[in-house]
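Report on the structure given below.
No lab work stands behind these numbers, since they all come straight from the coordinates. Predicted model, so just to flag it, every value in this text is computed and none were measured. Using ideal geometry, Cβ is built from the backbone for each residue, glycine included, and neighbour counts are taken over all protein chains shown.
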Amino acid sequence: MLAARACRLSTQLLRHGRVVLRQLPSFRLCFPRFVAAVPSPAAADPGAPNNAALASEADFHAVAETTLEHIETVVGALDECIEDGFDLSLAMGVLTLKLGPKGTYVINKQTPNRQLWWSSPVSGPRRYNWDASARRWKNSRDGHDMLAELKTELSRLTGQELPLG
C-alpha cells in the first residue's frame with residue numbers, strides 16, 4: 001500500500017513537471033521510495049541546511065511524509081521488542097511513538113517554516129531543516145542528522161539496532 005501511494009505521488013508530481021524524482025539511498029533498506037526534490041541553489045555557507053529545495057508546500061509535504069512513513073515502517077519492528085506500552089501512530093503529519101515507561105517521541109511537520117519538529121524523552125525538543133545537498137534532515141542548531149540521532153537514541157533505549165539512517 002505504501003509503495004502504491006509513492007507511485008501515485010510520483011506520477012502526480014511528474015505530471016506537473018515541477019520536480020525531479022530521486023531515490024533516497026537510506027530508504028532502500030526497507031522498500032524503494034521516491035521523494036520530490038528540486039535542484040538546490042548554491043548556498044553561501046555550504047554547511048548550512050538548505051530549505052530552498054523545499055520552497056513549495058507540495059515539495060515539503062512529499063519529503064516530510066516519505067520521511068515519517070519510513071520512520072513508521074522501520075520503528076514498527078520494535079513492537080515485538082517492547083513488552084508493555086508500545087504504540088506507534090502516524091496521522092495528519094504527526095508521528096507518535098510510545099515506548100511505555102521509556103517515554104514518548106513525537107515528530108511532526110511544521111509546514112509554514114518547512115521543518116520537522118521532534119520531542120524526545122532523551123534529548124528534548126528539536127527542529128530539523130531539510131538539507132538538499134546531503135538529502136537529510138539536519139538539526140537547525142548543530143547540524144546533526146535526525147535519522148542518525150533517532151537511531152542512536154532508540155538503540156540506547158531498546159537495545160535494538162534499527163536501519164534508520
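Taking 0.36 nm per residue of sequence separation and removing the Cα-Cα distance, the residue 144/residue 55 pair yields an extension gain of 29.8 nm. Put in order of Cβ neighbour count within 10 Å, fewest first, the listed residues 61, 70 become 61, 70.
Taking the number of Cβ atoms within 10 Å of each Cβ as an exposure proxy, the fewest-first ranking of 92, 146 is 92, 146. Here 102, 109 are placed in order of increasing Cβ neighbour count within 10 Å, fewest first, which gives 102, 109. Quote the FRET efficiency, to the nearest 0.05, computed for residue 111 versus residue 81 with a Förster distance R0 of 30 Å and r equal to the Cβ-Cβ distance. FRET efficiency, residue 111 to residue 81: 0.35.
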